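Q: Okay, handing you the structure first.
The values are calculated or read from the model by the stated rules, or taken from the named source; none is laboratory data. Note that this is a predicted model, so its numbers are computed, not measured. Cβ sites come from the backbone with ideal geometry, for glycine too, and all protein chains shown count toward neighbours. Surface areas here come from the heavy atoms of the whole protein model, side chains and all, with no ligands, DNA or RNA. Shrake-Rupley method; radii C 1.70, N 1.55, O 1.52, S 1.80 Å.
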Amino acid sequence: MKLHIKPLSTLERQIFVITTSVALIAIVLISISVAAIFYKQGIENAESVLRNKNRFIATQIQGYVAPLRQALEYSSSTRSGLNHLHHGEPETQEQILQLFQVLQNTIPNINFIFAGYADGSLLINNYTPPNDFDSTIRPWYQAALKTYPRISDGLPYQEIKSKEWMVSFSKAFTDDQQEVLGVISIDASMDAIMKALATQDTRYPTIYNFVLDQQGMILIHADTALPESVHQSIATQLSSSELSTDKLNYRDGDKQRLAHYHRIDELGWIVVTEVDIADIRDPIIRTIASSLVFVILASLMTTWLLSLGLSRYLITPLIKLHKRVQEITEGKDDTHYRFPNNEIGMISTAIEKLTEKALVQKNIELNEKNQLLNTLSHTDQLTSIANRRRMLEILNKEISRYYRDQQPFSVLMFDIDYFKRINDTFGHEAGDQVLIQLAQVVKNSIRESDTLGRWGGEEFLLICPGTRLKNAEQIAEKIFTAIHQHSFPKKLQITISLGLSEFTATHSPETLLVEIDQKMYRAKQAGRNRIQI
């Protein structure tokens, strides 16, 4: 049995070619746009991972060394009650060593705490120095003299026998005439810091963390094969005074690398997290390529099927009409045809019969429930203002209105300075109250046409329709004034760092948000409690 395929008519072929061509062009254009957006978002997501990992390690280091530095400040100050002028007296020596023992017991990370004096002597628990020992020529003593009255920069080193990584801090202390009496030094283990530096990321296997000094010398790293030398490629750029961000894109030999860094000025350290660009780019390109092939093939197949079905549906009545006219001219008037208008009319009548009062009432109830669900899905549960999803919808609407009616608008992003410190000190309940009150203060100080939303955590977003940059700056100043005048819980002095931009034709939703986020970050770098335009 032969399968008979009915050939397409000329008009059917023309419709098929036109619809397929238009669909193919549209698919290609859309695919290119989506690929570009997807690639950019992939790079931004990778940078976010890199930046967050770098900040986490830097914060962990700062938190790790903070009690060590506090112990140095205390033991070298008059608050300790020690009289180092009489360090040679047994009673005073016992007091000093007891304080050292208390600090060592209180701060488990301390391996050794000791005092060296201008006469070359040394006070340390459980160790008797040799007769020819001279404290004043030791590196930790000299480092403290160079940085007096500050604590010396953290000096990492590996213990000779155990090869364990240690870090040394020291601080000189003086008498009433500002004459140096000696130096107190702390040696501490860095196991926790080394573990943090050695942490890998399954998404980006080439991510590597290390610590440089201000001259670019590698101080701490987790790779024993890495040479103890200057990391020339990145050190040159880190020393440039023109740098205004914490991100670097540089070439290291045959590798193109992306790095985020954080300066810890009180330690004299630069924490660097880097990754090979190829490690980010290649998976994105492979994903885009495979996705585009699938989408294009599936879209073309769907378009062809729809085009074929639509062509036959539209052409069939014309073919029937042509045959009907031909039959009339030939005198054949005994065939009855049912045309689409009659069928559509019957369907319309049937649909109208199904529209009943009970169904209408059910639809009304369903609409009310949907409206309630829509409101809940667009509201932040803590602050009762718009959530991130709602703010993105409003942002896209304002962008559409910008292109349709040429209506300008501006967007402000701000977050609470030192919010983590509030949570850590007073608890999360106090932090929640700060968020709730701040949201209400800002909402009361803006216009009815403006929309305030919680962007995430302690970050807020404000969209101001019909607003130029200059007017947006005035709104920002008004917000600052309202926050400064408000009495927050626990008598907290709440400040914010704010970035703002006016949307232009060169922006996309993503680039606008990235730009404002970077401005807010620069406001923090500049000292917080300020507006960055």
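Q: Which entries in the list Lys491/Lys519; Lys53/Lys255; Lys443/Lys491; Lys40/Lys478 go over 26 Å, if you measure between the two C-alpha atoms of each?
A: The answer is Lys491/Lys519; Lys40/Lys478.
Q: Stokes-Einstein D for the stretch 440-533 at 10 °C, 1.306 mPa s, Kirkwood Rh over Cα pairs, in µm²/s?
A: Roughly 113 µm²/s, to the nearest whole number.
Q: What residues have an amide H closer than 5 Å to that of Thr206, excluding those fewer than 5 places away on the same chain, when H is modeled at 1.01 Å from N in the peptide plane?
A: Result for Thr206 returns Asp276.
Q: If you don't mind, another one. For the stretch 123-130, take each phi angle, set θ = phi - 60°, evaluate the Karplus expression 6.51 cos²θ - 1.76 cosθ + 1.60, and give the result in whole Hz per residue in order, putting x for glycine and proline.
A: With the stated coefficients, the stretch 123-130 comes to 10, 7, 6, 6, 7, 10, x, x Hz.
Q: For the stretch 417-470, taking Cα atoms only, what is the radius of gyration to one decimal and the Dmax to the nearest whole Å?
A: For the stretch 417-470, the Cα-based Rg and Dmax read 13.3, 41 Å.
Q: Still on this model: Enter the accessible area of Ile277 (Å², nearest 10), with the probe set to 1.4 Å and all protein chains included.
A: 30 Å²
Q: With a 1.4 Å probe and all protein chains in place, put His84, His486 in order of accessible area, largest first.
A: Greatest to least solvent exposure: His486, His84.
Q: Shifting gears a bit: Which far-off residues, 5 or more places away or on another chain, put their amide H under 5 Å from the one on Ile220, with H placed in the peptide plane?
A: Amide H neighbours of Ile220, under 5 Å, 5+ apart: Val211.
Q: So, counting K/R as plus one and D/E as minus one, what does the shell of residues with Cβ under 12 Å around Gly268 add up to?
A: Here the charged neighbours net out to -1.
Q: Something else now. Can you tally the net charge around Ala188? Count Lys and Arg as +1, Asp and Glu as -1, for every other residue whose Cβ sits under 13 Å from the Cβ of Ala188. Write out the running numbers ahead of the final one.
A: Working: positive: Arg69; negative: Glu159, Glu164, Asp187, Asp191.
Once all neighbours under 13 Å are counted, the net charge is -3.
Q: Now a separate question. Could I have the simple spin-label model distance between Asp424 and Glu393, label points 7 Å from Cα toward Cβ, reported in nm to one decimal?
A: 3.8 nm
Q: Distances longer than 16 Å among the Cα atoms of the stretch 144-207: what percent of all pairs is that?
A: 60 percent
Q: Going 7 Å from the Cα of Val22 in the Cα-to-Cβ direction, what parts of the stretch 267-301 have a backbone nitrogen less than 16 Å from that spot?
A: So the set is 300.
Q: Shifting gears a bit: Using Stokes-Einstein with the Kirkwood hydrodynamic radius over Cα pairs, what translational diffusion coefficient do you get for the stretch 354-489 at 4 °C and a viscosity of 1.567 mPa s, in µm²/s rounded to a whole number?
A: 76 µm²/s
Q: If I take R0 = 56 Å and measure r between the Cβ atoms of Arg263 and Ser299 in this structure, what FRET efficiency does the formula 1/(1 + (r/R0)^6) give, to the nearest 0.05?
A: 0.65
Q: Using amide H atoms built in the peptide plane, which far-off residues or other-chain residues are under 5 Å from Asp252 H to H?
A: So Asp252 has HN proximity to Arg257.
Q: While we're on this one: What percentage of all Cα-Cα pairs in the stretch 58-125 are separated by more than 17 Å? It would help to have the intermediate numbers written out before the result.
A: Working: 985 of 2278 pairs.
Here the long-distance tail beyond 17 Å is 43 percent of all Cα pairs in the stretch 58-125.
Q: Taking the full set of protein chains and a 1.4 angstrom probe, give the accessible area of Ile218 in square angstrom, rounded to the nearest 10.
A: 10 Å²
Q: Same structure again: Using a probe radius of 1.4 Å on heavy atoms only, what accessible surface per residue do you get for the stretch 118-229? Whole Å² is fine.
A: 54 Å²
Q: Separate question: What figure in square angstrom, to the nearest 10, would you give for the accessible area of Ser168 with a 1.4 Å probe?
A: 10 Å²
Q: Show me, for the stretch 259-268, the HN-Hα J-couplings you get by feeding each phi into the Karplus relation (A = 6.51, B = -1.76, C = 1.60, θ = phi - 60°), rounded to Hz, glycine and proline as x.
A: 9, 10, 9, 9, 8, 10, 4, 5, 9, x
Q: Pull out the extension gain between Glu510 and Ile285, defined as 0.36 nm times the separation in residues minus the alpha carbon to alpha carbon distance; nm, one decimal. Don't jump to the answer; show the numbers that get you there.
A: Details: separation 225, 0.36 × 225 = 81.00 nm, distance 1.96 nm.
This chain segment gains 79.0 nm when fully extended.
Q: Give a residue-ordered list of calculated ³J(HN,Hα) values for the stretch 449-465 (Karplus: 6.51 cos²θ - 1.76 cosθ + 1.60, θ = phi - 60°; whole Hz; x for Gly, Pro).
A: Working through the residues one at a time gives 6, 7, 10, 9, x, 8, 7, x, x, 9, 9, 10, 10, 10, 10, 10, x Hz.
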